[in-house]
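The values are calculated or read from the model by the stated rules, or taken from the named source; none is laboratory data. All of these numbers come straight from a predicted model, not from anything done at the bench. In this analysis, Cβ positions are derived from the backbone assuming ideal geometry, glycine residues included, and neighbour counts consider all displayed protein chains.
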Amino acid sequence: MYSTALNRPVLTDTFININKRTIRWGEFLIQSGLALCALISIITTAVIIIILCKEGFSFFQHIAPAEFFFGTRWVPLLEPSSFGVLPLVWGTLLVTFGAALIAIPIGLASAIYLSEYASHKVRSTVKPVLELLAGIPTVVYGYFALTFVTPLLKTIIPGIQVFNAFSGAIVVGIMVLPMIATLSDNALRAVPQTLRQGAYALGATSYETTTQVVLPAGLSGVMASFLLAISRAIGETMAVTLAAGATPNMSLTFLESIQTMTAYIVQISLGDAPAGGLAYQTLFVVAALLFIITLMLNVLSQWILNRYREAYD
Amino acid sequence: MNQSSDNALNTSDRHLQRRHRKASLFSSFCALITFMGVALLALLLYQVCVDGIKWLDIQFLTSFPSRFPARAGILSALVGTLWLISLIALIAIPIGVATALYLEEFSKKNRLNRLIELNISNLAGVPSIVYGIIGLALFVRGLNLERSLISGALTMSLLILPVIIIASREAIKTVPMSIRHAAFALGATRWQTAWAHVLPASFPGILTGVILALSRAIGETAPLIMIGGLTYVAFLPDGPMDSFTAMPIQIYNWVARPQHEFHQLAASAIIVLLAVLLIMNAAAIVIRHKTER
């Protein structure tokens, strides 16, 4: 009897603790701090959009959007100035198209070799090497373009200019090659072994298995890797600045000097444009365009990954 | 009759042979392309080494940039890069790992957190030069931090945060649920579990990701040029508010000059930069290898 009376206060104490779920302030503070860190990413995006929009709007108060989007002359610094962005977009497209033409076939063939044909030993050496090469800074590719690719092109095509889109396209292609190879390899390896075994059991050769079974099954991942590489090529800066020059130009050939959107941004920022001026604002408008294009490509690649993924268990 | 069935066998035989020949051609073609690609990249590195070995000596590592190739060196760029990396590590690692911990260990799967996840993967794809412009407008002009080390470090931190977060989340995901359950069963709170059990268990993976992210920051040129890391700096920075130069900027500066000697200097600087990157990547691979066992 008296023992329960003695114990009661202790017991009720514990019960109160459990039932009321006391807030642990330390725990709460830590969790809030962590959540705050996670919010930084949202804030970053918001800041990017706010800054680009703000400067963009003040730009469009001086220049009509129609002139910017459809104009074919980009002369922002000299009088008479003209702000048609198409030459810069064209330059970017030219380099990206050339780079894709080089990187996609080579990258895909490498991915097929690595995932379908290479022995374990070859694979475990080539893959890390490719990953290492993917980490080479882009300025190194710029060096490669100027000191190796352009002189080589000059001996083959004597009429080519010192700065030209061809050289830029080649080095950007080489640059995104490891990315396509490793990402596509991952996608092809995710295709279950049973599909291959089924194809072989029906008498298909390795070529038929690869092109008619494995590739279609891993296509979403392969396409996503292409899009990511293209988006990377569009945003690529240093190599094209060094290789392709600074002449906004809507040339149809790869042999002339052009200017990409990214190269224009570098050119202006090296010249130390005064804040608030029209030249300074063009930086943000061009960057906004770049941001929107790459964002669309990235979202598209994620969408393809999710929408067209063949799920195997 | 016998003749015709023989013929049919022959044609189907030939057909089969053709299919097999096609398959073996295809496999050799793919192998050839792969090794050509690797050889192309190897050629790039070889070219850099041949060009750069000439100027690469102690004097090159301990001199300031100069108009005369024979006297030029990368001391200020090297020190600038070390400063930059230390600052970036101080800023980006805590925030990145905290975000990853929050998303994996604390957050509920509600709309806000899905938005954060989607947002991070999109931020990872934003071109580096856009971060440079944001850094210019926000840190250099907006917060009046001038063209200083801290502006560069903050900009680069924004750039590599998504990389650190994604890598850390992958590492945290590999920690088995049973470890968390055991900790909870012993009465540990969420934070105690995360701090004392999840974090140590995922540490090697996080470290690998952090090293790879930092090595990306070392090589990034465009954002630093936007921030305006000076190209001619003949002094060493004393604090985070000083102006600076860094290895990739110095390389860009030398490559952009027309004289052949400066191209060779650029190649020497590239060798130093690649050596730093290689050491960091090797460390990451060793760590990964050790933990896989």
The condition from (1) at pLDDT 90 or above; (2) within 24 Å of A:Thr72 (Cα to Cα) that A:Phe226 misses is numbered (2)
Only one of (1) at pLDDT below 80; (2) buried (at least 16 other Cβ atoms within 10 Å of the Cβ) does not apply to B:Phe235, and that is (2)
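To keep it simple, each residue is scored yes or no on (1) under 30 Å from A:Phe166 (Cβ atoms); (2) not β-branched (Val, Ile, Thr).
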residue	(1), (2)
A:Ile49	no, no
A:Gly71	yes, yes
A:Val85	yes, no
A:Leu101	yes, yes
Determine, yes or no, whether A:Thr147 is without any contact (Cβ under 8 Å) to a residue 60 or more places away in the chain and more than 9 Å from chain B (Cβ to nearest Cβ). no
Quiz prompt | Check on B:Ala31, under 30 Å from A:Val172 (Cα atoms), within 11 Å of chain A (Cβ to nearest Cβ) and modelled with pLDDT of 80 or more | solution = yes
Item checked: Residue within region A:43-57 that is polar (S, T, N, Q) and surrounded by 14 or more Cβ atoms within 10 Å (Cβ to Cβ) present -> yes
query: Somewhere in region B:255-266, is a residue more than 10 Å from chain A (Cβ to nearest Cβ) and crowded, with 22+ Cβ neighbours inside 10 Å?
result: yes
Subset of region A:117-141, residues at the interface with chain B (Cβ under 8 Å from one of its Cβ atoms) and part of a helix (DSSP H, G or I), comes to A:Tyr117, A:Val126, A:Pro128, A:Val129, A:Leu130, A:Leu132, A:Leu133, A:Thr138, A:Val139, A:Val140, A:Tyr141
Residues of region A:208-235 being within 12 Å of chain B (Cβ to nearest Cβ), buried (at least 20 other Cβ atoms within 10 Å of the Cβ) and more than 30 Å from A:Phe166 (Cα to Cα), in sequence order, are A:Thr209, A:Thr210
Picking from B:Phe26, B:Phe60, the residue that is crowded, with 19+ Cβ neighbours inside 10 Å and in contact with a Gly (Cβ under 6 Å, 6 or more places away or on another chain) would be B:Phe60
Condition set at pLDDT below 75 and within 18 Å of B:Ala222 (Cβ to Cβ), scope region A:244-285, selection nearest to the other protein chains (Cβ to nearest Cβ): answer is A:Asp272
Expected single match for in a helix (DSSP H, G or I), over 21 Å from the mean Cα position of the chain (by Cα) and farther than 18 Å from A:Ile292 by Cβ among A:Gly98, A:Gly26 is A:Gly26
Of the residues in region A:153-207, those that are under 23 Å from A:Gly221 (Cα atoms), more than 32 Å from the chain's Cα centre (by Cα), within 14 Å of chain B (Cβ to nearest Cβ) and among the polar types (S, T, N, Q) number 1
